[in-house]
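The values are calculated or read from the model by the stated rules, or taken from the named source; none is laboratory data. The shown structure was predicted, so the numbers you read here are calculated from the model rather than taken from an experiment. Cβ placement follows ideal geometry from the backbone for every residue including glycine, while neighbour counts extend to all protein chains displayed. Heads up: the accessible areas ignore ligands, DNA and RNA and are worked out on the full protein's heavy atoms, side chains in. Shrake-Rupley method; radii C 1.70, N 1.55, O 1.52, S 1.80 Å.
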Amino acid sequence: MTVTTDARPGKPRERTCIGCRKRSGPADLLRMTVSGGLVLPDPDRRAPGRGAHLHPVTECLDLAVRRKAFPRAFRVPGPLDVTGLQEYVAQRDKQEASSAVQTAATRPPAAVQTAVTT
């Protein structure tokens, strides 16, 4: 018996961000799990248990907190502690901002064309 890696060939895998509710591929979203009342980031997508997905940006995280989406997504009662997740997202935002600045700094300047008048 041959086991295929994709159960539905031709159909891309998509997940929904619990913050903005937009669908994206798993590579664009951060998987999270809950353990002991703490929401933990799972960037390797290997932690056991029910997972939820979020765009790893502060705006989506704030929307999810405001909408109280974490207990619903994980199907657990009561509030959950998201401080570890907030630190992870803030650190990731900071890394992306610094890499964008480095890319802009290492990019060669655009060629300036001067108009020739005769």
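Points to keep in mind about this one:
- Tabulated pairs, segment 61-72, first on the phi > 0 side of the Ramachandran plot, second open to solvent by 30 Å² or more (accessible area, probe 1.4 Å) and of a type outside the set (S, T, Y), C-beta under 8 angstrom, 6+ apart or interchain: K68/P79
- Within segment 84-96, residues that are at pLDDT below 90 reach partners that are part of a helix (DSSP H, G or I) and of a type outside the set (D, E) with beta carbons closer than 7 Å, at six or more positions or on different chains, in the pairs D93/T58.
- Selection from segment 17-51 of residues that are open to solvent by less than 50 Å² (accessible area, probe 1.4 Å), in contact with a Ser or Thr (Cβ under 9 Å, 6 or more places away or on another chain) and more than 23 Å from Q95 (Cα to Cα): A47, G51
- Looking only at segment 52-65, and only at residues there that are under 16 Å from K94 (Cα atoms) and touching a strand residue (DSSP E or B) at 6+ places or on another chain (Cβ under 9 Å), the one that is surrounded by the most Cβ atoms within 10 Å (Cβ to Cβ): L61
- Within segment 14-27, the residues that satisfy the criterion of being within 21 Å of R75 (Cβ to Cβ) and without any contact (Cβ under 8 Å) to a residue 24 or more places away in the chain are E14, R21, R23.
- Members of segment 66-80 that are open to solvent by less than 60 Å² (accessible area, probe 1.4 Å) and either modelled with pLDDT of 95 or more or not small (G, A, S) (or both): A69, F70, P71, A73, F74, V76, L80
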